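Okay, so here's the structure we're looking at.
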Amino acid sequence: MVQIDINCDMGESFGNWTMGQDEAVMPYITSANIAGGYHAGDPHVMRETVQLAAEHDVGVGVHPGLPDKMGFGRRKIDASPEEVKDYVVYQLGALRAFADAHGVTFQHVKPHGAMYSMLSDSADHARAVMEGILEVDDDLIYLATDMNIYEVTQEYPDLDAVFEGYIDLDYRADRSLIVEQQKEARDPEGVADRFVSIATEGECETVDGDVIDVPADSICIHGDNPNATDLLEAIHDRLDEHDIELAPLHEIV
């Protein structure tokens, strides 16, 4: 039996603006990365998303971003390691308060967008964030989006870290992701094939046909993909056939 987590970025709506398909997607996943109010989300959306996760027994973590709602946290900001650390701790604390209020275990941290890119490019920024997480709670899990960040997590024996793979984005041969400006519907069976390959073999095919290692214990799917629920249904249809069990991060680590 292979255990693997399915995570999804959630709680990214704001006011009257809706992002993603949280209610439709939540029943199919095991961990929710919930926006902390900087790149997206607001206090009401944070509360509602935590409640939704609790209803479906989904693990809750924060998806902290840079303070840039206008750019959805995808624009670069010249911030020091200490400043980025403070951004993460602030958002972690805000979302954790909602989790505590609803009796939900707060399990992980997964940086978003330009913040994730900053941590991937700068080990000093990555270390600052990881040290901030440990100062708050050394039981939290770091969900590492690429190998650069994952390697930095190994410097901290008290920090549990999980590497994640992607199935609704394409990989290049260097294991970097091709991020679309506008997400397009994906073939459900092709996405399910990739899920099974990563879950059972730790590898997947690149856009050029090469096979690369993706040693992931968590797989991300994007809730704003136009046919996200179709993709997830196709994945769930494969679980028994390939002896795969879904589990939240805190049960895998």
Cα-based Rg and Dmax for region 201-240, in Å, come out at 12.2, 30
How much area per residue is accessible in the chain when the probe is 1.4 Å and only protein heavy atoms are counted (Å²)? 44 Å²
Given the alpha-carbon gyration tensor of region 117-192, what are the semi-axes of its equivalent ellipsoid in whole angstrom, ordered largest first, with each equal to the square root of 5 times an eigenvalue? 28, 14, 11
C-alpha center-to-center spacing [region 91-161, region 173-236] in angstrom: 23 Å
Given H placed 1.01 Å from N in the peptide plane, which residues other than close sequence neighbours of N227 have an amide H under 5 Å from its amide H? R186
Can you pull the Rg over Rh of region 100-160, Cα-only, Kirkwood? 0.99
Kirkwood Rh over Cα pairs of region 165-253 into Stokes-Einstein at 37 °C, 0.692 mPa s: D in µm²/s? 243 µm²/s
Please report the base-10 log of the normalised intensity I(q)/I(0) for region 1-150, using a Debye sum with one equal scatterer per alpha carbon and no solvent, at each q in 0.13, 0.16, 0.20 (1/Å). -0.53, -0.81, -1.25
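The values are calculated or read from the model by the stated rules, or taken from the named source; none is laboratory data. Everything numeric here is computed off the predicted structure, so don't read it as measured data. Remember, those area values only see protein heavy atoms, side chains included, never the ligands or the DNA or RNA. Shrake-Rupley method; radii C 1.70, N 1.55, O 1.52, S 1.80 Å.
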